[in-house]
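What follows is a short report on a single structure.
The values are calculated or read from the model by the stated rules, or taken from the named source; none is laboratory data. Here the structure is a predicted model, which is why all the values come from computation and not from measurement. Using ideal geometry, Cβ is built from the backbone for each residue, glycine included, and neighbour counts are taken over all protein chains shown. The area values use the complete protein model at the heavy-atom level, side chains included, leaving out ligands, DNA and RNA. Shrake-Rupley method; radii C 1.70, N 1.55, O 1.52, S 1.80 Å.
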Amino acid sequence: MKNKIVVLAGDGIGPEIMTSGLQVLAAVEKNCTRDFELEALPFGGAGLDEVGASLPEKTLKACQSADAILLGAIGGPKWENMVDAPEKGLLALRKALNLFANIRPVSVSSALMHLSPLKPAIVEGTDLIIVRELSSGIYFGEPRELTEQMAFDTARYQKAEIERILHSAFKIAQGRNKKVTSVDKANVLASSKLWRTTAEEVAKEYPDCQLEHQYVDSAAMKLIQNPKAFDVLVTENLFGDILSDEASVLPGSLGVLPSASHSVKGPSLYEPIHGSAPDIAGLGIANPISMILSVAMMLRQSFQEEAAAQAIENACDKVLTQGLFTRDLGGQASTAQFTDAVIQELEGA
Ligand code: NAD
Ligand code: IPM
Ligand code: MN
């Protein structure tokens, strides 16, 4: 039976890196036990341009019946002042699919260590996972209002929403170093006070794991000061967004970080953590690693194709070790050159 993957290339560098991701998928498909059927659909700014909606009805339906979804990136100056902005479509898709658990792994391979703006002694051995709550919090809370003189948002969490993301974090930690750092602002925010007491309760179900709490301001500092101290970092939607972009400084570029978003049941979505990078779109110089590693995450987490996922990750690392870098990492390689090198590595392996 074919497994259906919905492909949402999106905007800016989205289509450029999606091409890379799909070429790499094609290169490993013959070694997979499953066959994949791809369906490309408009989404984000491309949805607005093609059919007048950031999340077209047809795109949503296809996503709902997919086995997995690959997303490039959405957004850009062309659409930023529209009521139905691309970002609105992305949030609507996450909500519609109930994608509450966003998994953002951050590790620093030895090939990248010297490219980090931080000292090698600090970043060496970094291997952490940010578990970001993705379907609630201030991104979705009502009421919200914007007038010329006043504006507000609502940071709302239901206890059950906090419980389920904490369970995700502890389950991930059980397969790793069994340490969960819960990040909040419980010294100020009501939503964070509930977050912290709920984290304590959930932790009792995982006696093999250690739970620590950090305030988000200090966590932002410690993430850079001593990243090796983190194993699984779990936090609310907005804090997770900010901390994961910050964490990209550890490997040296936003362009290398993938993510997976899961619901309780139903298709998962895989996407780079970065955006559409309008400043470099169309130049063919975007780093495709974030997308290629998102494909690897999809193969492992949605399709249990561990060998193919591992092969992709090894191939990326090998190419980096050979010294081939895109410009964000200080090199000269184009998106296509880097992708070709990864495919050659896969085919030679
Ligand atoms: P961005 O993540 O697009 O870019 C930030 C910086 O990182 C830029 O200098 C960019 O060139 C660089 N960068 C990002 N990805 C790269 C890659 N693969 N290779 C090389 N360099 C890379 O953030 P931004 O500029 O603040 O936002 C641009 C647009 O993207 C906005 O419309 C924003 O809303 C949207 N956005 C979308 C997503 C998503 O689709 N999930 C995520 C973040 C931002
Ligand atoms: C991300 C992005 C999105 C977010 C935006 C584009 C809505 O920054 O995926 O990290 O804030 O979640
Ligand atoms: Mn973000």
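Within the range 73-128, being assigned to a strand (DSSP E or B), away from ligand 2 (no atom under 14 Å from the Cβ) and open to solvent by less than 20 Å² (accessible area, probe 1.4 Å) holds for one residue alone: Leu128. Could you tell me which residue of the range 240-263 is nearest to the chain's Cα centre (by Cα), considering only residues that are within 20 Å of Lys119 (Cβ to Cβ) and of a type outside the set (A, V, I, L, M, F, W, C)? If we take residues in the range 240-263 being within 20 Å of Lys119 (Cβ to Cβ) and of a type outside the set (A, V, I, L, M, F, W, C), then Ser248 is nearest to the chain's Cα centre (by Cα). Filtering the range 128-155 to residues that are farther than 30 Å from Ile224 by Cβ and either touching a Gly at 6+ places or on another chain (Cβ under 9 Å) or not hydroxyl-bearing (Ser, Thr, Tyr) (or both) leaves Glu142, Pro143, Arg144, Glu145, Leu146, Glu148, Gln149, Met150, Ala151, Phe152, Thr154. Does Ile172 count as over 21 Å from Asn98 (Cα atoms), touching a residue at least 40 places away in the same chain (Cβ under 8 Å), more than 16 Å from ligand 2 (Cβ to nearest atom) and surrounded by 14 or more Cβ atoms within 10 Å (Cβ to Cβ)? It is false that Ile172 is over 21 Å from Asn98 (Cα atoms), touching a residue at least 40 places away in the same chain (Cβ under 8 Å), more than 16 Å from ligand 2 (Cβ to nearest atom) and surrounded by 14 or more Cβ atoms within 10 Å (Cβ to Cβ).
Look at Leu283 and say whether it is more than 26 Å from Leu91 (Cβ to Cβ), out of contact with any strand residue (DSSP E or B) (no Cβ under 8 Å at 6 or more places or on another chain) and in a helix (DSSP H, G or I). Against the criterion (more than 26 Å from Leu91 (Cβ to Cβ), out of contact with any strand residue (DSSP E or B) (no Cβ under 8 Å at 6 or more places or on another chain) and in a helix (DSSP H, G or I)), Leu283 does not qualify.
Test Lys61 against the stated conditions and say whether it is without any contact (Cβ under 8 Å) to a residue 24 or more places away in the chain, assigned to a helix (DSSP H, G or I) and more than 12 Å from ligand 1 (Cβ to nearest atom). For Lys61, the condition - without any contact (Cβ under 8 Å) to a residue 24 or more places away in the chain, assigned to a helix (DSSP H, G or I) and more than 12 Å from ligand 1 (Cβ to nearest atom) - is met.
The residue that is nearest to Ala173 (Cα to Cα), among those in the range 194-211 that are in contact with a strand residue (DSSP E or B) (Cβ under 8 Å, 6 or more places away or on another chain) and part of a helix (DSSP H, G or I), is Ala203.
Considering (1) at pLDDT 95 or above; (2) away from ligand 3 (no atom under 16 Å from the Cβ), the lone condition that Lys265 does not fulfil carries the number (1).
Among the residues making up the range 236-254, those that are open to solvent by 10 Å² or more (accessible area, probe 1.4 Å) and not in a loop (DSSP other than H, G, I, E, B) are Leu238, Phe239, Asp241, Ile242, Asp245, Glu246, Leu254.
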